[in-house]
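Peer 1: Would you mind keeping the following structure in view while I ask a few things?
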Amino acid sequence: MDRYPEIAALQKWIHEQDVAVTRMQASIHAELISVSLTVSNEVVVLQIMDEYCDLEKNSTLLTVILCLRELELIDDSKDYENWCRFQNIEGTTEAEAYYLAMKERLPTLKPFFPNGELDSFISDLDFQLNAGAIQELRK
C-alpha cells in the first residue's frame, strides 16, 4: 500500500481526526445503508450507496471512503432531486429530510478536512473503474 499516497493520506486523516464508523440497522431507503461517521467527536449518520459491496469487506478504510463520497455527493448536488438522480433512487419524505439536514450540516464538517474542503481521498475515476488505490483496498 506504500505506493498509494492517497491511502497514506486517508490513514493519516483518520488517525488525526479520530475517525470511527459504525454500520446502523435502520435506513431511510431500501437502496441506502445507514452508517454512523464520527470525526473529531462530531457524529453524523449518513445514508450511503454501496453498489460495489464494499461494506462486505469489513474494511474501515472502505467504509470511511463510502461515507466521504456521500458527503461529497451531497455537497456537489444542486438540489434534492439532483441528489436522488445521483443515487438512482426515488424520492421520499425521509430522504428529503435527510438531504436537507445534511446540506445544513456540511459547513460544520468541512473544517476537519485538509484545506477546509471535503475529500474522499480516492479519485472518482479510480473508484468507478476499480483502479489504483481503491483496487488495492478492495483486494
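The values are calculated or read from the model by the stated rules, or taken from the named source; none is laboratory data. Keep in mind it's a predicted model, so treat the numbers as computed, not measured. For neighbour counting, all protein chains shown are included, and Cβ atoms are generated from backbone atoms with ideal geometry for every residue, glycine included. Ligands, DNA and RNA are stripped out before the accessible areas are found, and what is left, the full protein with its side chains, is counted by its heavy atoms. Shrake-Rupley method; radii C 1.70, N 1.55, O 1.52, S 1.80 Å.
Peer 1: What's the long-distance tail for the range 39-115, i.e. % of Cα pairs beyond 21 Å?
Peer 2: Result: 29 percent of Cα pairs exceed 21 Å.
Peer 1: Among all the lysines, which ones have a C-alpha under 23 Å from K110's C-alpha, if same-chain residues fewer than 8 places away are not counted?
Peer 2: Within the straight-line limit of under 23 Å, K110 reaches these lysines: K12, K78.
Peer 1: Oh, and also: For the chain, return all DSSP H helices satisfying: extent of Cα atoms along own axis at least 20 Å; mean Kyte-Doolittle hydropathy at least -1.0.
Peer 2: 60-76, 93-109
Peer 1: Further, regarding this structure: Of G116, F86, V64, whose Cα points farthest to the positive end of the dipole of the chain (charges on the beta-carbon: +1 Lys, Arg; -1 Asp, Glu; origin at the Cα centre)?
Peer 2: V64
Peer 1: I would also like to ask the following. Can you give me the orientation-averaged projected area of the convex hull built on the Cα atoms of the chain, in nm²?
Peer 2: Over every viewing direction, the Cα hull of the chain projects on average to 8.0 nm².
Peer 1: Can you give me the % of accessible surface on the chain that is carbon or sulfur? Probe 1.4 Å, all protein chains present, nothing else counted.
Peer 2: Its accessible area is 48 percent carbon and sulfur atoms.
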